Amino acid sequence: MAVIPTGMRLPRHHRPIRHRLEYLFVLVLRLVVGLLPRRWLRAVGGGLGFVFCCCDHRRRKTALTNVQGAFPERSFEECRVIVHQAFVNLGRHVVDLLRFDAMSVERMMKLVDIEGEERVEQALKAGRGIMFFGGHFGFWELQIMVHAARFGPIVMVARTLDNPWLESMIGQMRNRVGTRVVPREGAVRSLLRTLLEHESVGMMVDQHIQDRSAVIVEFLGRPAATTSTVAALALRTGVPVIPVFALPLPGGRYRMVYEAPVELPDPASPDPVLALTQRCSDVLERYVRRYPELWLWMHRRWRVEPVRPEPTEESMQAKLKSVIPTDRALRN
């Protein structure tokens, strides 16, 4: 009988047998990863991703549909290759995450080259909070760990996994280097307080959003419901918004890239929240188009119709108020 990690509650609707099997599989994989030489892990991870691609017809189909929609000029075979490579890279990501967790922080940092760290240091010297954003692109879990190890604690927003055993395991990995994770539901107040206390927060901007923070932007040529929280928080606090991505390098190394801060729009523009959200999505899109095999195409990203009402001053103010709590509410 599997044991639930301390302090963890099972969700009301759960699949205990499936969750236990998934958890046991990851435990075995974690043990194997710890015993194998690191030079073999790339093949192990790639093989794991290949098996996942072959066995999960539903996600493979979703990924292929997404790739074809984003690259209509490419042939079916080219899109199929991108999907296959995306699954392989996901497998490598999982394996390397387990391997990095077993390393000391010093050894982990020796495997990572950092590009643009002067941008982060300059923002830190200003003594204000910083908003970082990325996507499910490249080796995103590693970039969370590396960032916290290099630049100090950061508060991240993440969706809680359906499997509570795996959620606890990943939480321990993140916490080891100083990352604090808050669930997406109700996270805005915590993030705003963190920024006002001159600390750093991070978010992913590439998932379909159905709550009141969603705005419709163009992403990879199609309308996509995207969180406006990054933009709303940045406009409220005036903190810099820095994109960050982790790319694989030959020999099992990685490159962390910190892009230049995204330019904030004029607060008096018709809809600054939408404008800034679009600019953030554009940065991520450039990376996805450049390295399509590194993005998580298995997610049902596009679920909205291409209809966008014209923003008004009243709707803009309502959007800001709905996303960001008032100072009075923050004090409560």
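The table below lists the values:
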quantity: Cα centroid separation - segment 258-292 against segment 42-83, whole Å; calculated: 27
quantity: Distance in nm between pseudo-label sites at residue 197 and residue 29 (7 Å out along the Cβ direction from Cα); calculated: 3.4
quantity: Options 190, 297, 54, ranked by Cα towards positive dipole end of the chain, top entry (Cβ charges); calculated: 54
quantity: Whole-Hz ³J(HN,Hα) from phi, Karplus 6.51 cos²θ - 1.76 cosθ + 1.60, for segment 214-230, glycine and proline x; calculated: 6, 10, 9, 10, 8, 9, 6, x, 9, x, 9, 6, 10, 4, 9, 4, 4
quantity: Computed over segment 112-331: relative contact order in percent, which uses C-alpha pairs under 8 Å that are six or more apart; calculated: 28
quantity: Cα-based helix-to-principal-axis angle, 16-35 vs the chain, degrees rounded to 10; calculated: 70
quantity: Candidates 227, 179, 65, ranked by Gaussian network fluctuation over the chain, Cα under 10 Å, top entry; calculated: 65
quantity: Student exercise, segment 125-176 dipole from Lys, Arg, Asp, Glu Cβ charges, in Debye to nearest 20; calculated: 360
quantity: Residues 40, 302, 295, sorted so that the one with the fewest Cβ neighbours within 10 Å comes first; calculated: 40, 302, 295
quantity: Top positive-direction residue, dipole computed over segment 109-237 with Cβ charges, set 168, 220, 237; calculated: 237
quantity: Fully extended contour minus Cα-Cα distance, from residue 263 to residue 160, at 0.36 nm per residue; calculated: 34.0 nm
quantity: Residues residue 299 and residue 20, FRET efficiency given R0 of 22 Å [Cβ-Cβ distance, rounded to 0.05]; calculated: 0.30
quantity: Kirkwood Rh, angstrom, segment 199-266 [1 / mean 1/r, Cα pairs]; calculated: 14.0
quantity: Separation of the residue 38 and residue 249 label points, Cα + 7 Å toward Cβ, nm; calculated: 1.2
quantity: Dipole magnitude of the chain about its Cα centre (Cβ charges: Lys, Arg +1; Asp, Glu -1), debye to nearest 20; calculated: 1220
quantity: Proxy reagent accessibility, fewest Cβ within 10 Å first, across 281, 269; calculated: 269, 281
quantity: Neighbour-count ranking [beta-carbon atoms within 10 angstrom, fewest first] of 293, 121; calculated: 121, 293
quantity: Rounded tilt (10° steps) of 164-175 against the dominant C-alpha axis of the chain; calculated: 70
quantity: Debye log10 I(q)/I(0) at q = 0.07, 0.11, 0.12, 0.15 Å⁻¹ for the chain, Cα point scatterers; calculated: -0.29, -0.76, -0.91, -1.43
quantity: Segment 114-222 - charge dipole about Cα centre, Lys and Arg +1 at Cβ, Asp and Glu -1, debye rounded to 20; calculated: 280
quantity: Stretchable slack from residue 168 to residue 289, in nm (0.36 nm times residue separation minus alpha-carbon distance); calculated: 40.2 nm
quantity: Volume per residue that the Cα convex hull of segment 158-259 spans, once the total is divided by residue count, Å³; calculated: 156
quantity: Virtual paramagnetic centre 7 Å along Cα→Cβ of residue 105, amide N under 17 Å, in segment 167-184; calculated: 172-181
quantity: The chain, helix-only ellipticity at 222 nm - DSSP H runs n ≥ 4, -39,500 (n - 2.57), divided by all residues, nearest 500; calculated: -16500 deg cm²/dmol
quantity: Cα centroid separation, segment 90-105 to segment 166-189 (Å); calculated: 17
quantity: Cα-only radius of gyration and Dmax that characterise segment 185-316, units Å; calculated: 15.6, 54
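Values quoted throughout were computed directly from the atomic coordinates according to the rules given, and no laboratory measurement underlies them. None of these values were measured; they are calculated from a predicted model. Every residue, glycine as well, gets a Cβ built from its backbone with ideal geometry; the counts of neighbours run over all protein chains shown.
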